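S.K.: This is the structure I want to talk about, given as structure tokens.
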Amino acid sequence: MQSIRVELGERAYPIHIGAGILDDSSLYSAHIGAGRVAVVTNTVVAPLYLERLRRALAGAKIDAVEIVIADGEQTKEWHTLDRVFDALLEARCDRQTPIVALGGGVVGDLAGFAAAVYQRGVPFVQVPTTLLAQVDSSVGGKTAINHPRGKNMIGAFYQPLAVVSDVATLATLPPRELRAGLAEVIKHGFALDRTFAEWIEGSIERLVAGDAEALIYAVRRSCELKAEVVAEDERESGRRAVLNFGHTFAHAIETGMGYGKWLHGEAVAAGMVMAAELSARAGLIGEDDVQRVRKLIARAGLPVAGPGALPPERYFELMAVDKKVAHGRVRFVLLDGVGRAVLRADPGKQMVREAITAAAAAAAAH
Ligand SMILES: NC(=O)c1ccc[n+]([C@@H]2O[C@H](COP(=O)([O-])OP(=O)(O)OC[C@H]3O[C@@H](n4cnc5c(N)ncnc54)[C@H](O)[C@@H]3O)[C@@H](O)[C@H]2O)c1
Ligand SMILES: [Zn+2]
């Protein structure tokens, strides 16, 4: 097992990463005293891992109140949150009762927000079971639910006591979900660390195949890189925005296609190719680096262009309503070299249009 620390002063916390560590009672007793916790999970993850977590907790003399919500992004909303509060109150959970999130990003975001506001905040532990949750959503303390008018519109920054990431749980993940998580791993490499990008280039087949050792390293390095950025800028007033590499395009794809058609990671993958094309047009990188981004994403089995149904003009409409609009102008995260993402003001419609079209043309030529 490996452990890293997210350095956030008095809110600092460890992330434990390994294969098979879900069953390790000592990991829970290190952060939670004997007593009771509320485990929030969903109908897909519960039959797979809830009993094992319950037993591991019991080994640390911790009883578990089980709260099982429905599966899917559409459950990340107010009514489900309210049902979680009902269950917590029903079981007489108090300010000392930790909430443990067992599941993907949806469970983590919802349970984390519940922990942030239930009785003004209770201790929170994350046990992420998707690659996306292990490399991205469980790090950084963003918690939220969706509002009918926008994704993640109601939320809080709330850091957990600890994160327990067991890569062995990824064995049951649908391959498409694993690949979607790899998009965020690739993002961390290209946006933040050239050496890591090179390691991913040499390891992508093992990662796609679910090799535990490769996954442990990918999760660990992703968490380290994201944690560094978060430690610098916990509340995203500046630097943290580089983690949105590919995301301005991705959000347009997700909204434009209707949530669920494209997985978030798939949209991010296509968005990174477009952002790389845009970076080349802005004179920051050469065509060879654009090819590196495109090639790695293709090898991961992820899309290298947006959906044909979405013309560039639609992207502009969708980007205009994106919450990342800063003072009426869209900001883009561009590459100033492999491993070096930079924030730039909108380089103009013509260049953005060319970047979208170039990604589509290269994909079609294949
Ligand atoms: N808080 C953040 O910083 C942050 C960052 C990125 C994404 N997010 C959020 O994360 C969410 C997406 O997370 P996700 O991609 O993990 O989706 P998800 O939680 O919906 O999980 C994907 C699917 O896999 C299932 N699943 C989970 N673990 C499994 C396992 N081990 N075996 C088999 N099936 C399993 C889930 O039930 C679900 O059907 C979005 O709501 C997004 O907004 C948050
Ligand atoms: Zn993302």
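S.K.: If the only charges are +1 at each Lys and Arg Cβ and -1 at each Asp and Glu Cβ, what is the size of the charge dipole of the chain around the Cα centre, to the nearest 20 debye?
M.R.: 480
S.K.: Still on this structure, please answer the following. Please report His366, His264 as a ranked list, fewest other C-beta atoms within 10 angstrom at the top and most at the bottom.
M.R.: His366, His264
S.K.: Given points 7 Å out from each Cα along the Cα-Cβ axis, report the His366 to Arg5 separation in nanometres with one decimal.
M.R.: 4.2
S.K.: Using Cα-only point scatterers and the Debye equation, what is log10 of I(q)/I(0) for the chain at each q in 0.07 Å⁻¹, rounded to two decimals?
M.R.: So the normalised log intensities work out to -0.29.
S.K.: Shifting gears a bit: Summing -39500 (n - 2.57) over the DSSP H runs of n ≥ 4 in the chain and dividing by its residue number, what mean residue ellipticity at 222 nm do you reach, to the nearest 500 deg cm²/dmol?
M.R.: -14000 deg cm²/dmol
S.K.: Can I ask one more? Calculate the spin-label point distance for Leu343 paired with Asp211, positioning each point 7 Å from the Cα along the beta-carbon direction, and give it in nanometres.
M.R.: 3.7
S.K.: Here is a further query. Where in region 328-356 is the amide nitrogen less than 18 Å from a point lying 7 Å along the Cα-to-Cβ axis of Phe316?
M.R.: Hits in region 328-356 for Phe316 at 18 Å: 328-332, 345-356.
S.K.: Quick check on region 137-282: take the gyration tensor over C-alpha atoms, sort the square-rooted eigenvalues as a ≥ b ≥ c, and tell me if it's rounded (a/c under 1.5), prolate or oblate.
M.R.: Judged from the Cα gyration tensor, region 137-282 comes out rounded (a/c under 1.5).
S.K.: Once the dipole of the chain is set up with Lys and Arg at +1 and Asp and Glu at -1 on Cβ about the Cα centre, which of Pro128, Ile186, His79 lies farthest towards its positive end?
M.R.: Most positive-ward Cα: His79.
S.K.: Springs between alpha-carbon atoms under 10 Å, Gaussian network over the chain: tell me which of Val330, Val242, Val107 tops the mean-square fluctuations.
M.R.: Its mean-square fluctuation being the largest, the pick is Val330.
S.K.: Cut-off is 10 Å between beta-carbons; in what order do Asp82, Asp109, Asp346 appear when sorted fewest neighbours first?
M.R.: If I rank by nearby Cβ atoms, fewest first, I get Asp82, Asp346, Asp109.
S.K.: If I fit a long axis through the Cα atoms of helix 78-90 and take the longest principal axis of the Cα atoms of the chain, what angle between them do I get, 0 to 90°, rounded to 10?
M.R.: Compared with the principal axis, the helix lies near 20 degrees.
S.K.: Once the piece of chain linking Arg194 and Ser26 is laid out straight, how much longer is it, given 0.36 nm per residue of separation minus the C-alpha distance between them?
M.R.: 56.9 nm
S.K.: Kirkwood hydrodynamic radius, computed over distinct alpha-carbon pairs, for region 81-221: how many Å, to one decimal?
M.R.: 16.0
S.K.: Is the C-alpha gyration tensor of region 1-127 telling us rounded, prolate or oblate? Criteria: a/c under 1.5 is rounded; beyond that, a/b larger than b/c is prolate, otherwise oblate.
M.R.: Here region 1-127 falls in the rounded category.
S.K.: With angles folded into 0 to 90 degrees, how steeply does helix 105-117 sit against the dominant principal axis of the chain? Use alpha carbons for both and round to 10.
M.R.: 60
S.K.: Sorted from fewest to most neighbouring beta carbons within 10 Å, what does the list Trp199, Trp262, Trp78 look like?
M.R.: Ascending number of Cβ neighbours within 10 Å: Trp78, Trp199, Trp262.
S.K.: Still on this structure, I have one more. Determine one quarter of the surface area of the Cα convex hull of region 230-310, which equals its mean projected area, and express it in nm² to one decimal.
M.R.: Reported value for the Cα convex hull: 6.4 nm².
S.K.: Using a 7 Å offset from the Cα along the Cα-to-Cβ direction at both Tyr259 and Glu51, what is the distance between the two label points in nm, to one decimal?
M.R.: 3.3
S.K.: Report the gain in length on full extension from Ala58 to Ala309: 0.36 nm times residue separation, minus Cα-Cα distance, nm rounded to one decimal.
M.R.: Extending this stretch completely gives an extra 85.2 nm.
S.K.: Where a ≥ b ≥ c are the square roots of the eigenvalues of the C-alpha gyration tensor, would you call region 118-185 rounded, which needs a/c under 1.5, or, failing that, prolate if a/b is larger than b/c, or oblate?
M.R.: Oblate, since a/c reaches 1.5 and b/c is not below a/b.
S.K.: Oh, and also: Build a GNM of the chain with springs between Cα atoms under 10 Å: which of Gly108, Gly35, Gly348 gets the top mean-square fluctuation?
M.R.: Answer for the Gaussian network model of the chain: Gly348.
S.K.: Semi-axes of region 1-54's equivalent ellipsoid from the Cα gyration tensor, sqrt of 5 times each eigenvalue, largest first, rounded to whole Å?
M.R.: They are 22, 14, 12 Å, listed from largest to smallest.
S.K.: Could you work out which residue, out of Leu310, Leu132, Leu302, moves most in a Gaussian network model of the chain, that is, has the largest mean-square fluctuation with Cα springs under 10 Å?
M.R.: Looking only at Leu310, Leu132, Leu302, the biggest GNM fluctuation is shown by Leu310.
Where a number appears in this text, it was derived from the coordinates with a stated rule and is not lab data. Quick caveat: nothing in here was measured; it's all calculated off a predicted structure. So basically every Cβ, Gly included, is an ideal-geometry build from the backbone, and we count neighbours across all protein chains shown.
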